[in-house]
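The values are calculated or read from the model by the stated rules, or taken from the named source; none is laboratory data. As the structure is a computational prediction, the values presented were derived from the model and not from experiment. A quick note on method: Cβ atoms are made from the backbone with ideal geometry, for glycine too, and the neighbour counts reach across all protein chains shown.
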Amino acid sequence: MIDDTGQNEDRLFAQLAAESQILWINPALSTSHDVTAYKKDIADARRRLHNAHYHLQRSFPGTRALSKVVESPLFSAEDLAKCWDIPRWLVKADHCLPIAGSIKARGGFNEVLAFAESVATENGLPPPSSGMPNYTHPDARRLFSHYSVVVGSTGNLGLSIGMIASSLGFRTAVHMSRDAKSWKKDLLREKGVEVIEHAGDYSVAVEQGRESAKSDPKCHFVDDEHSVNLFAGYGAAAAELASQLEQLQVVVDDDHPLFVYVPCGVGGAPGGITYGLKALFGRNVHCFWAEPSASPCMLLQLLSGVHRPVSVYEIGLDNVTEADGLAVGRASPFVAPLMADLVSGIYTANDGQMLDMMLSVRETESMQVEPSAAISFFGPLFLTASDAGRRYCRVQGIGRTFRHATHVSWTTGGSLVPVAEWGPLYERAKAFRGQAKALANGWNR
């Protein structure tokens, strides 16, 4: 395993190609950042998500008892923290988000709501307000039925876009890659969404979706690789977390650093979250991203430089992983340059390690999360047990205050997984028991 910032680049590429577990510390990380360019976009996203409350509760009856529909809980992982000797470990439980059930909810909802706003305004419907957003106007659904929304996805973004777009009345099509789970396709079809399956990976699904939308002027293509509205929707989660930390009386300052670990696919969700958190907490928040060792597209992109797109296939990886939501071969060309000096580092884990951690999270915290969410729980271990993690803290001047740090593992999906799916998944996971501890023990040899 490589866990040092000073490694030879050729060796790093070789280790990536061998699917080794890596903690890469970003040598370009800056202590000061200009995070104002998308400030208004994030504020608009927060407004849209707030204003959508009435529509969502009306369209999805199961949400009517919730005070905030597009907000996930912040849990304390006390038992897991005891197992790994982490002083304060929290879980930003996006796997519990209603309706879409994953980290993709805020970005996907914001993208479609922004499109709905523009269509409504262009056609003379009233401007949005918290009491009656324009997409809930009596004439809106009839209007929206003449427009369509298309997206390419490995699964979770497709669920997010499909759920909200179909509820508004848009004709909706989701192009899904080979990695997408059958139950996600079935759930979308139940909602009246057209699901178009492809034998290729995520990039193929995106390209096919893009091509299908080109000929229709009333079709909106959700571009997961370039969309500002997706990015801004994810960025809105930063203020949500900040408010929850304040409610728990968790201080974030020079003496109380905040570490946040977010799974990464194409990069939009962790990118938006990181951007938003840096705007709020500056140098006192340290954002680390997690990728499957078979699909480390963002790590490969940042190592290669952000000006030439690069694919994991170029180094011989197959991009096949249990973490289907993270099975992306090429990073977002929009997000990668933005994150070049914002993300603190990226680590990788293999399928066996993710499955073992998934078991551990269920047994200690009674949380059922997908493998793509379980990878976020490795973050505190990388920071505390590896030489590179400890060195990072010393270089950042937080070695003395590290025991006062707060660690937040950010989950992706899990709550919508059908009951019948969990049994076989946990049975497969049992074959990998001890993988997480073996990884941590390997650092201390």
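Within the stretch 82-128, the set of residues being assigned to a loop (DSSP other than H, G, I, E, B), surrounded by fewer than 24 Cβ atoms within 10 Å (Cβ to Cβ) and of a type in the set (Gly, Ala, Ser) comprises Ala93, Gly124.
If you check Trp84, Trp24 for being among the aromatic types (Phe, Trp, Tyr), touching a Phe, Trp or Tyr at 6+ places or on another chain (Cβ under 8 Å) and in contact (Cβ under 8 Å) with a residue 12 or more places away in the chain, only one passes: Trp24.
Residues are listed down the side, and each one gets a yes or a no for (1) hydrophobic (A, V, I, L, M, F, W, C); (2) at pLDDT 95 or above; (3) within 26 Å of His137 (Cα to Cα):
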site	(1), (2), (3)
Lys92	no, yes, no
His95	no, yes, no
Gly101	no, no, no
Gly108	no, yes, yes
Val112	yes, yes, yes
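Within the stretch 395-409, which residues are over 17 Å from Phe281 (Cα atoms) and modelled with pLDDT under 90? Matches in the stretch 395-409: Gly399, Arg400, Arg403.
The rows are residues; the columns are (1) more than 14 Å from the chain's Cα centre (by Cα); (2) in a loop (DSSP other than H, G, I, E, B); (3) among the hydrophobic types (A, V, I, L, M, F, W, C); (4) in the same structural domain as Ser293 (by TED's automatic domain parsing).
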{"site": "Phe221", "(1), (2), (3), (4)": "yes, no, yes, no"}
{"site": "Ala239", "(1), (2), (3), (4)": "yes, no, yes, yes"}
{"site": "Phe259", "(1), (2), (3), (4)": "yes, no, yes, yes"}
{"site": "Thr274", "(1), (2), (3), (4)": "no, no, no, yes"}
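Got at least one residue in the stretch 39-52 being in contact with a Phe, Trp or Tyr (Cβ under 7 Å, 6 or more places away or on another chain), assigned to a loop (DSSP other than H, G, I, E, B) and over 30 Å from Pro418 (Cβ atoms)? The answer is no, given that none of the residues of the stretch 39-52 is in contact with a Phe, Trp or Tyr (Cβ under 7 Å, 6 or more places away or on another chain), assigned to a loop (DSSP other than H, G, I, E, B) and over 30 Å from Pro418 (Cβ atoms). Against the list (1) within 29 Å of Ala242 (Cα to Cα); (2) of a type outside the set (Phe, Trp, Tyr); (3) surrounded by 15 or more Cβ atoms within 10 Å (Cβ to Cβ); (4) modelled with pLDDT under 95, the condition Met367 fails is (4). In the stretch 217-239, the residues that are more than 28 Å from Val91 (Cβ to Cβ) reach residues that are of a type in the set (Lys, Arg) with C-beta atoms within less than 6 angstrom, at least six apart or across chains, in these pairs: Phe221/Arg210. Of the residues making up the stretch 377-387, those that are over 24 Å from the mean Cα position of the chain (by Cα) and in a helix (DSSP H, G or I) are Ala385, Asp387. Residues considered: Val343, Val408. Of these, the only one that is in a loop (DSSP other than H, G, I, E, B), in contact with a Phe, Trp or Tyr (Cβ under 8 Å, 6 or more places away or on another chain), farther than 30 Å from Glu190 by Cβ and of a type outside the set (Lys, Arg) is Val343. Condition check for Leu245 on (1) modelled with pLDDT of 95 or more; (2) assigned to a helix (DSSP H, G or I); (3) of a type outside the set (S, T, N, Q); (4) not assigned by TED's automatic domain parsing to the domain that holds Lys68: one failure, at (4).
The residues of the stretch 386-418 that are free of Cβ contacts under 8 Å to residues at least 12 places away in the same chain and at positive phi amount to a single one, Gly397. Looking at the stretch 170-185, is at least one residue at pLDDT below 90, acidic (Asp, Glu) and either in a helix (DSSP H, G or I) or not assigned by TED's automatic domain parsing to the domain that holds Tyr313 (or both)? Scanning the stretch 170-185, I find at least one residue that is at pLDDT below 90, acidic (Asp, Glu) and either in a helix (DSSP H, G or I) or not assigned by TED's automatic domain parsing to the domain that holds Tyr313 (or both), so the answer is yes.
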